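Here is the structure we will look at, set down as structure tokens.
The values are calculated or read from the model by the stated rules, or taken from the named source; none is laboratory data. What you see is a predicted model, and the numbers here were worked out from it, not measured in a lab. Cβ atoms come from the backbone with ideal geometry, glycine included; neighbour counts cover every protein chain shown. These accessible areas exclude ligands, DNA and RNA; they are computed on the full protein's heavy atoms, side chains included. Shrake-Rupley method; radii C 1.70, N 1.55, O 1.52, S 1.80 Å.
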Amino acid sequence: MWGALSLGALALAVVLVMAAVPAQDTAARPANGGGSTPAADLPLAGTDYPVPAGAIIVSPTGKDGAPGTAEQPLRSVAAAIALVAPGGTVVIRGGTYRETVGLVKKRITLQPYPGEHVWLKGSLVVSTWARAGKVWRHDGWTADLCQTCFLPEIIDPEYPLAGSPDMAFVNGKPLRQVAGANEVGPGTFFVDRAAKALLVGDDPNGNLVEATALDRLLQFDTNAGGSVLRGIGVAQYGSNQDYGKRGAMVVVNAPDVTIENVTFAWSASSGLAVFQPKAKVTGGSFRNNGLVGLVANRADDLRLTGNTFTANNQERFTLSGEAIGAAGAKVTRTKRPYVADNSFIDNIGNGWWCDLGCTDATVIRNVARGNAVNGLYYEVSSRALIASNVITGNAARGLKISSSDHVRVYQNTFSGNGTTLGLYNDKRGPESDPYSKQLGLSWRTDNTTLVNNLYAGTDAARPIVESADYKASPAGNPAFVSSSDGNAYFRSAQGGHEPLIVWVRGAGQSTEYGSLAEFSRATGSDTHSLALDASPFTDPGNADYTLLPGSPCRKAGRPLPADVATALGVPASTTPDIGALPPKR
């Protein structure tokens, strides 16, 4: 077997509303990179929620101090939250609201009016400009955003301004921040703090120019447990990379909060942060955020379902070193996270990532596609079911398991990843993380189960499966894999000479297996697995990766354990196809 291989009162002190703010509005800071979607083009969902009796109404035509009825609505969301009774609902009429609320310390529901689109933004409209040579200048710009609230180690030298929360947009398209007035040109902007000026390189006349002035929308806090935020868009807040200092546009620091059908876009760092148990995040869109779409810590029983995480890490924070955090979603120190039916696509980092003591994770029926590092990543954690996911086109690896024990990998379809599957032990021990040490975690990869997975399309220059131990291990190989069977291996690119599977133990010590037969003979594993001579898919570009009618992968998998079958909603008694099971994504 592979054992031989092996984050006092409602804080309303800082409330900025677009009707109350003159032309000095705000300057937001765009991402350092491209491949993005303007906020005006981002989707909003769930605008048909009914208006309950007694709801407090907010409207762009309202007035703070009004009773908040449909006939006499309030103007700001902050005033509505201050007025609504615990357990009540705030309903927002369609429009764009530019404000910060602060701490919410009672249970509320916040939602849009049926059929209307609501955006809450951390940017202001900047409308007074003067031509200054080749650039345009707005004077009196005094947005107060923290310029030092980040870890220096998380900055990529190629993108030195990533930690600055300033952003600016023209007609929803981000401008790139530069470090000096002499660098401003088309598509860029500069904040001159000494002169209190905002400079842009694109003609603002006749265009909508927005610039970020606020760092977050709200934080659900003490006594806000059970609150609901749904159906709105949140964008362009200057959140900080330092998670303890307003590190996300919306922060959940109360238990049992529901975030439903919300779009989080263009934060300077994180879109949503969850720091309490039993949060439900469903149907959301997390797009183009500076560092990460969602970050969670100590969020036990987090349910992450039916969301899309796309093109996050627009600020290009570093992808190497121990301070890295770029991802579609990153979760740490969380028990029983449930991650199902999400899409993690084109993130400039990892797709989904659980780190620093996650335990008993369920990761099923997700799509992880085109991410710059790993599609799915389980690191220095313990116990997980990773099953029936489609993992394709990820640059580094499809799935990475690092220093994590008892991970069960069933029924996944891998195609076109850099390396399909990586199993590793890094140098760290659990004593470096008090939480993990208290739980008694080993931070060693062992007892991995690999069953009924379809490993397809790995380039011939890289192994399909790679294992490496970077710890100062005792003599003998760690038991990385306890069971591997019913899998199918297909390398689409021909002509390479790299082995199918590589086991590396320390510098210069490796065992390479060039064929499945050779691997099985040496380890006793994969005795019912398949080595495919041709692509098993009807169309390799098909997002469902449908198997050919006559594919040898059909009805060739091993029977599933009862709990795995229950989690996937399929009968345990049947012989499944190899690869992701219906419903396909």
Candidate set: the stretch 156-212, residues that are within 28 Å of the chain's Cα centre (by Cα) and charged (D, E, K, R); chosen: the one farthest from Asp242 (Cα to Cα) = Lys173
Residues (assigned to a helix (DSSP H, G or I) and touching a Pro at 6+ places or on another chain (Cβ under 8 Å)) located in the stretch 410-438 = Ser436, Lys437
Looking at (1) of a type in the set (S, T, N, Q); (2) buried (at least 24 other Cβ atoms within 10 Å of the Cβ); (3) assigned to a loop (DSSP other than H, G, I, E, B), which is the only condition Ser442 fails?
-> (2)
Starting from the stretch 211-233, keep only residues that are farther than 17 Å from Pro165 by Cα and β-branched (Val, Ile, Thr), then list their pairs with residues that are open to solvent by less than 10 Å² (accessible area, probe 1.4 Å) and in a loop (DSSP other than H, G, I, E, B) whose Cβ atoms are within a distance under 9 Å, requiring at least 6 positions of separation or different chains.
-> Thr222/Ala254; Val228/Ile108; Val228/Val257; Ile232/Val262
Could you tell me whether Arg336 is touching an Asp or Glu at 6+ places or on another chain (Cβ under 8 Å), open to solvent by 10 Å² or more (accessible area, probe 1.4 Å), closer than 20 Å to Gly416 by Cβ and among the charged types (D, E, K, R)?
-> no
May I ask you to list the residues in the stretch 264-284 that are buried (at least 23 other Cβ atoms within 10 Å of the Cβ) and of a type in the set (Ser, Thr, Tyr)?
-> Ser267, Ser269, Ser270
Among strands (runs of 3 or more DSSP E) lying entirely in the stretch 126-220, which contain 1 or more residues that are more than 30 Å from Thr258 (Cβ to Cβ) and of a type in the set (A, V, I, L, M, F, W, C)?
-> 130-132, 135-139, 168-170, 188-192, 197-200, 209-212
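Where residues in the stretch 403-419 are over 14 Å from Asn452 (Cβ atoms) and at pLDDT 95 or above, which of them is surrounded by the fewest Cβ atoms within 10 Å (Cβ to Cβ)?
Just the residues of the stretch 403-419 that are over 14 Å from Asn452 (Cβ atoms), to begin with: 403-407, 415-419.
Checking which are at pLDDT 95 or above leaves us with 403-407.
Details: Ser403: 27, Ser404: 32, Asp405: 21, His406: 18, Val407: 24.
Checked the stretch 403-419; the qualifying residue surrounded by the fewest Cβ atoms within 10 Å (Cβ to Cβ) is His406.
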Working carefully through the options Asp156, Asp166, find the one that is charged (D, E, K, R), over 21 Å from Ile56 (Cβ atoms) and in contact with a strand residue (DSSP E or B) (Cβ under 7 Å, 6 or more places away or on another chain).
-> Asp166
Which of the residues spanning the stretch 335-372 are on the phi < 0 side of the Ramachandran plot, assigned to a loop (DSSP other than H, G, I, E, B) and in contact with a Ser or Thr (Cβ under 8 Å, 6 or more places away or on another chain)?
-> Pro337, Asn342, Asn347, Cys358, Asn366
Going by the structure shown, is Tyr243 open to solvent by 30 Å² or more (accessible area, probe 1.4 Å) and assigned to a loop (DSSP other than H, G, I, E, B)?
-> yes
Pairs with Cβ under 8 Å, 6+ apart, first in the stretch 137-160 and among the hydroxyl-bearing types (Ser, Thr, Tyr), second open to solvent by 40 Å² or more (accessible area, probe 1.4 Å) | Thr142/Gln24; Thr142/Lys196; Tyr159/Arg316
Please go through the stretch 463-497 and pick out each residue that is over 18 Å from Asn412 (Cβ atoms), under 33 Å from the mean Cα position of the chain (by Cα) and either open to solvent by 10 Å² or more (accessible area, probe 1.4 Å) or modelled with pLDDT under 60 (or both).
-> Tyr470, Lys471, Ala472, Pro478, Ala479, Ala493
Starting from the stretch 173-185, take each residue that is within 12 Å of Pro160 (Cβ to Cβ) and list its partners that are open to solvent by 50 Å² or more (accessible area, probe 1.4 Å) and not basic (Lys, Arg), counting only C-beta distances under 9 angstrom and pairs at least six apart or across chains.
-> Ala179/Pro160
What number of residues in the stretch 420-429 are within 25 Å of Ile578 (Cα to Cα) and either open to solvent by 10 Å² or more (accessible area, probe 1.4 Å) or not hydrophobic (A, V, I, L, M, F, W, C) (or both)?
-> 3
Qualifying positions in the stretch 64-100 - over 17 Å from Trp119 (Cα atoms), assigned to a loop (DSSP other than H, G, I, E, B) and touching a Leu at 6+ places or on another chain (Cβ under 7 Å) | Asp64, Ala66, Gly68
